[in-house]
Amino acid sequence: MIEAMTVSSHSANTYLRTRVLTASREELRLLLIEGAIKFAMQAREGLAARNFEQVFSGTENARNILVELITTIKDEPDPELAAKVRSLYTFFYIRLNEASFEKDASKFDEVIGLLEYERETWILLMQKLASEGDGAEIEPQGSGGPFSVEG
């Protein structure tokens, strides 16, 4: 049974690695947002189960992803918009800290809901960019849109 789980886990990791290595910058940002949601949900579930190690681990992983999202936003071509998005992710980061420290499920729920809204917004933006490109790829790596993930 353990061997089957190891093979399954290895297959999932291989798939994720391939997905990350072949993703556009926009798709990478989407993966980061989805990861932040996943880990914030794990923290929330840990709180419900009174598993404080899970709360800490999920919160820490979600915060690390948020730091990556904050630090990879490029200022060009719209520094004001970039600053607003950075502020939004910073709010998520602070709120996660509060949720974890205060053991407040409603604050976890708030961050998860906002991250889910951010994910949906990002998907709509990706679809809009794809349609403007006549159905072509969203933007090839290296094109550097305003919210590109820098390597």
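The values are calculated or read from the model by the stated rules, or taken from the named source; none is laboratory data. Quick caveat: nothing in here was measured; it's all calculated off a predicted structure. For neighbour counting, all protein chains shown are included, and Cβ atoms are generated from backbone atoms with ideal geometry for every residue, glycine included.
Annotations
Quick grid of which residues meet (1) at pLDDT 95 or above; (2) surrounded by fewer than 17 Cβ atoms within 10 Å (Cβ to Cβ); (3) assigned to a helix (DSSP H, G or I):
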| position | (1), (2), (3) |
| --- | --- |
| Q42 | yes, no, yes |
| E45 | yes, yes, yes |
| Q54 | yes, no, yes |
| L129 | no, yes, yes |
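- Hey, K38 among the basic types (K, R) and in contact (Cβ under 8 Å) with a residue 40 or more places away in the chain or not: no
- Residue check, L69 buried (at least 18 other Cβ atoms within 10 Å of the Cβ), under 15 Å from K107 (Cα atoms) and touching a residue at least 40 places away in the same chain (Cβ under 8 Å): no
- Scanning region 88-107 turns up no residue that is closer than 23 Å to L31 by Cβ, of a type in the set (F, W, Y), without any contact (Cβ under 8 Å) to a residue 40 or more places away in the chain and loosely packed, with under 13 Cβ neighbours inside 10 Å.
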